[in-house]
Amino acid sequence: MPKRKEFSSVAVVIMDTTYFGRGFGVMVFKNSLDGAVLYKQYVRYETNALYLSGISEISRRGISRVSSKPLCLSPNFSYSE
């Protein structure tokens, strides 16, 4: 049985989906602090619900503090929690 990977309890999550043809993609959640892939799932399309379920799964695995604020370089962009 493979050893389960231990993750840091804090993560800054980068999320993205890459597609390979139509109807097949890989949604990846990566910790930008240490480069670890925290979670991945195969998807047909990306939805907010799938991203939220990924964050829930990461939290379930023991990462207690997750930050996933959007990164945008536009000077007209604002973000509020």
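The values are calculated or read from the model by the stated rules, or taken from the named source; none is laboratory data. All figures in this text were calculated on a predicted structure; none of them were measured in a lab. Quick reminder, even Gly has a Cβ in these numbers, built from the backbone with ideal geometry, and neighbours come from all protein chains shown.
Within the range 14-37, the set of residues being more than 8 Å from the chain's Cα centre (by Cα) and of a type in the set (D, E, K, R) comprises Arg22, Asp34. For the range 38-55, a residue qualifies if it is closer than 20 Å to Val10 by Cα and surrounded by 12 or more Cβ atoms within 10 Å (Cβ to Cβ), and the qualifying residues are Leu38, Tyr39, Lys40, Tyr51, Ser53, Gly54, Ile55.
Is there a residue being out of contact with any Leu (no Cβ under 8 Å at 6 or more places or on another chain) and at pLDDT 90 or above anywhere in the range 57-66? Scanning the range 57-66, I find at least one residue that is out of contact with any Leu (no Cβ under 8 Å at 6 or more places or on another chain) and at pLDDT 90 or above, so the answer is yes. Under the condition of being more than 16 Å from Ile58 (Cβ to Cβ) and at pLDDT below 90, the residues counted in the range 22-44 number 2.
Residue count for the range 7-20 satisfying the condition of being modelled with pLDDT of 90 or more and in a loop (DSSP other than H, G, I, E, B): 1.
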